[in-house]
1. Please tell me if G21 is at pLDDT 70 or above and open to solvent by less than 50 Å² (accessible area, probe 1.4 Å).
2. List every residue pair whose Cβ atoms lie under 6 Å apart, where the two residues are 6 or more positions apart in sequence or sit on different chains, the first residue falls within segment 40-62 and is closer than 12 Å to I151 by Cβ and touching a residue at least 24 places away in the same chain (Cβ under 8 Å), and the second residue, located anywhere, is crowded, with 17+ Cβ neighbours inside 10 Å and hydroxyl-bearing (S, T, Y).
3. Going by the conditions given, is T131 farther than 28 Å from E45 by Cβ, polar (S, T, N, Q), open to solvent by less than 60 Å² (accessible area, probe 1.4 Å) and out of contact with any Pro (no Cβ under 6 Å at 6 or more places or on another chain)?
4. Just to be sure I understand, how many residues within segment 62-77 are surrounded by 22 or more Cβ atoms within 10 Å (Cβ to Cβ) and either in contact with a His (Cβ under 8 Å, 6 or more places away or on another chain) or farther than 20 Å from N190 by Cβ (or both)?
5. Scan segment 242-282 residue by residue and report those that are open to solvent by 10 Å² or more (accessible area, probe 1.4 Å), part of a helix (DSSP H, G or I) and either touching a Phe, Trp or Tyr at 6+ places or on another chain (Cβ under 7 Å) or free of Cβ contacts under 8 Å to residues at least 60 places away in the same chain (or both).
6. Quick one: is S200 surrounded by fewer than 20 Cβ atoms within 10 Å (Cβ to Cβ), over 28 Å from R73 (Cα atoms) and not charged (D, E, K, R)?
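The values are calculated or read from the model by the stated rules, or taken from the named source; none is laboratory data. Fair warning: this is a prediction, and the values are worked out from it, not measured in the lab. We place every Cβ from the backbone using ideal geometry, glycine too, and count neighbours over all the protein chains shown. SASA here: full protein model, heavy atoms, side chains in, ligands and nucleic acids out. Shrake-Rupley method; radii C 1.70, N 1.55, O 1.52, S 1.80 Å.
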Amino acid sequence: MLVNGIWQENWQPVQAKDEQGRFIRQTSSFRNWITPDGSPGTTGEGGFKAEAGRYHLYVAYICPWASRALMVRKLKGLEGLIDVTVVNPVMTDQGWQFGGYPGADEDSLNGARYMHELYTRADPQISGRATVPVLWDKRTGSIVNNESADILRMLNSAFSGLVDQGPDLYPADLAGEIDALNDYIYANLNNGVYQAGFASSQQAYEEAYANVFGVLDELESRLSDGRVFLFGERLTETDIRLFVTLVRFDAAYHGLFKCNRNTLKSMPRLQAYMHRVLALDGIADTVRLDHIKAGYYSVKALNPGGIVPVGPQEI
């Protein structure tokens, strides 16, 4: 936790909670947008023009929010325009650390040891948590954005003048439906599993548990008509936002987060849907089951012994 730019205490998973013990997620600190011409985006300031090689993405394979940014980078063919650094999945007392784990990178761009050092470089007086993903601007030496929902949108459209590849993940004719389903899935499933895992009261846990399985049951039914993706034949950002939770469900959320009514494998339509998304070109490269298990089971508040389960060994 950073307070006025200084690391204050050992990393803790619960950022805040309400009077009923519900887990409350921190809001993102940096909300600038990359745009084709550098004009201001939906939030923040302007000056961030889409340019090849100017931007860098910091991610963690364990983190669903970061992984969805990696997925869009792959789908839109942006690997040659935006390079990536992957942090160590094992959470330390100072949060995300660079290097020291198979598949994790040192910070060759900025030479930081911990992610929080990049936050204070961007804002020396910042207070809050140092999260991923982070979209970094090499030119200004600062953070453009650390809100994954924003990053998905800008990666989908901002660089189309440089690389015109991949599906439009936020088509205008589906925008309203996408926004509505995004909000529903986020509140009750994407964040719902965390609200179950980090609940500090029985009431809060049972409420979150019911929400999680209510959404899963509804989506299992939605797929019963044989549709390929959530909105039919077209892949959208909603599929990406759902996939990153589904692919972690049996490995982490079912056991560690007590979302244990059933595994995803026992929901045949959702399981098959998850594998359809996983089979898309390049998507399997964004999923590391070893990072997912090592990262979640390193959370001392939930697993003080630090023992990582042997299974599952495949998705």
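1. Working: at pLDDT 70 or above: no; open to solvent by less than 50 Å² (accessible area, probe 1.4 Å): yes.
Criteria not met by G21.
2. G41/T35; Y58/T85
3. On the way: farther than 28 Å from E45 by Cβ: no; polar (S, T, N, Q): yes; open to solvent by less than 60 Å² (accessible area, probe 1.4 Å): yes; out of contact with any Pro (no Cβ under 6 Å at 6 or more places or on another chain): yes.
Considered against the rule, which asks whether it is farther than 28 Å from E45 by Cβ, polar (S, T, N, Q), open to solvent by less than 60 Å² (accessible area, probe 1.4 Å) and out of contact with any Pro (no Cβ under 6 Å at 6 or more places or on another chain), T131 comes out as no.
4. 2
5. Within segment 242-282, K265, S266, P268, R269, Q271, A272, H275, R276, L278 meet the criteria.
6. Working: surrounded by fewer than 20 Cβ atoms within 10 Å (Cβ to Cβ): yes; over 28 Å from R73 (Cα atoms): yes; not charged (D, E, K, R): yes.
Considered against the rule, which asks whether it is surrounded by fewer than 20 Cβ atoms within 10 Å (Cβ to Cβ), over 28 Å from R73 (Cα atoms) and not charged (D, E, K, R), S200 comes out as yes.
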